[in-house]
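One structure is given here, and the rest of the page talks about it.
The values are calculated or read from the model by the stated rules, or taken from the named source; none is laboratory data. Note that the structure is a prediction, hence the values are computed from the model and not measured. Glycine also receives a Cβ, built like all others from the backbone with ideal geometry; neighbour counts cover every protein chain displayed. We work out accessible area using only protein heavy atoms, side chains counted, and drop any ligands, DNA or RNA first. Shrake-Rupley method; radii C 1.70, N 1.55, O 1.52, S 1.80 Å.
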Amino acid sequence: MAPNFNTSDSLYDFVVKNGNGVKGLIDSGLSEVPERYIQPEEERIKKVKTKRHDVSPIDLSKLKGPDHKKVLDEIVRAAETLGFFQVVNHGVPLELLESLKDSAHKFFNLSPEEKSLFYPGVSPSTKVKYGTSFAPEKEKALEWKDYISMGYTDDHDALQYWPNECKEVALDYLKLSSTMVRDIVEILIENLGVRVEESRIEGIIGMKMVNMNYYPLCPNPDLTVGVGRHSDMGTITVLLQDGIGGLYVKLEHNNNNHNDGEWLEVPPIPGALVINIGDTIQILSNGKYKSAEHRVRTTSTESRVSIPVFIFPKPTEKIGPLEELVKKEGVARYREVMFQDYMNNFFANAHHGKKSLEFAK
């Protein structure tokens, strides 16, 4: 007999406070989505209203050859328009990507008691957190997602505190992705025609975190979202999708109107990684590059995983439009903010499109 989650409190306690997550709901025999997960009409993802983003992935191995300039142009164009692109030959071995997906399933298939060891307040490290949704205490409608988040300080801490099911592969993935991100950041900055000190680049990509997201199969996918629409606050996100898909990115038609635009479905490409421009790059570039507003749909057929690596500035780093750009353009479209303050604002609110950028306006 499936438990009764008719009251919002009993559901919240079961999913959030007792650490059962959305997976616990499904494992309990739930056959329809509880009210607390039903999204308002305007936030639901209607597949008929979306197009597929059928653009070939960018081959990063060609950065080393005669097609160097062409690849640079592809990266820049994607950063200026959609804020997102897919890459192949990215330096992360395909076997590692497969192991990552397996290890994510392994972690989320642990018992609630085993997963709850990583709950905030009891986790062996403040950098490792198991949770559900994005900001459950702030959200009117919860997101259909559980996750484990692993912040990186050094290898020793990662191997000591990250979950045994995934720590080695997650660490390898984080390090190999970081190398690629550095190359992409340097390409984007160079294209702006400004010189940036080595130490400044270190500051912009100085904080790293890998998440594993789990989207249990959903009895009513049309009523829910896996992740609500938002842009990432950091510098660049590298994302591994599994073969099931469900990622949607918004193509803005009009810079002044964030409601104006169309949603493109990003089909998974075997062996590819998704690169996603974050708010930090939009701010540094004085609005030339676009952070990608995106969201995730749920599915009724099988549970899926996605594994992002988030690369952020260090908390003490000041982020604002690069000075040389402001001089050239005669206008600063954003103010300078301490990244810690930007981050605090981001996590203090439920997902809501690119609203977090207004903090730096």
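Using only Cα atoms, locate the centre of region 279-323 and the centre of region 181-201, then give the distance between them in Å, rounded to an integer.
17
How much accessible area per residue does region 60-176 have, in Å², with a 1.4 Å probe?
Using a 1.4 Å probe on heavy atoms only, each residue of region 60-176 averages 48 Å².
Full-extension gain between residue 178 and residue 301, please, as 0.36 nm times their residue separation minus the C-alpha to C-alpha distance.
40.9 nm
Considering the alpha-carbon set of region 7-51 alone, what are its Rg and its Dmax in angstrom?
Every Cα atom of region 7-51 included, Rg and Dmax give 13.3, 39 Å.
Out of all Cα-Cα pairs in region 52-125, roughly what percent, to the nearest whole number, are more than 14 Å apart?
Roughly 74 percent, rounded to a whole number.
At 15 Å minimum axial length over the Cα atoms and a Kyte-Doolittle cut of 0.0, report the qualifying DSSP H helices in the chain, or say none.
The answer, listed by residue number, is 167-191.
Per DSSP H run of at least 4 residues, take -39500 (n - 2.57); add these up for the chain, divide by its residues and hand me the 222 nm value, nearest 500 deg cm²/dmol.
That calculation yields -8500 deg cm²/dmol at 222 nm.
For region 30-175, report the convex hull volume of the alpha-carbon atoms normalised per residue, in Å³, without decimals.
Enclosed volume per residue, from the Cα hull, is 189 Å³.
Which value, in nm² and rounded to one decimal, describes the direction-averaged projected area of the C-alpha convex hull of the chain?
It is 17.5 nm².
Calculate what fraction, in whole %, of the accessible area of region 227-296 sits on carbon and sulfur atoms when a 1.4 Å probe is rolled over the protein chains.
Roughly 45 percent, rounded to a whole number.
First measure r as the distance between the Cβ atoms of residue 114 and residue 202, then evaluate 1/(1 + (r/R0)^6) with R0 = 45 Å and state the FRET efficiency to the nearest 0.05.
Using R0 = 45 Å, I get an efficiency of 0.75.
Between the alpha-carbon centers of region 204-226 and region 64-126, tell me the distance in whole angstrom.
12
Of all accessible surface on region 103-208 at a 1.4 Å probe, what whole percent is carbon and sulfur?
Numbers: 2400 of 4830 Å².
On region 103-208, the fraction of accessible area on carbon and sulfur atoms equals 50 percent.
Please state, as a whole number in µm²/s, the translational diffusion coefficient that the Stokes-Einstein equation yields for region 195-344 at 20 °C and 1.002 mPa s, with Rh defined as the Kirkwood radius across alpha carbon pairs.
Rounded, D is 127 µm²/s.
Name the GluC sites (Glu not before Pro) in region 274-359 that are in a loop by DSSP and that have at most 12 other C-beta atoms within 10 Å, would you?
302, 336
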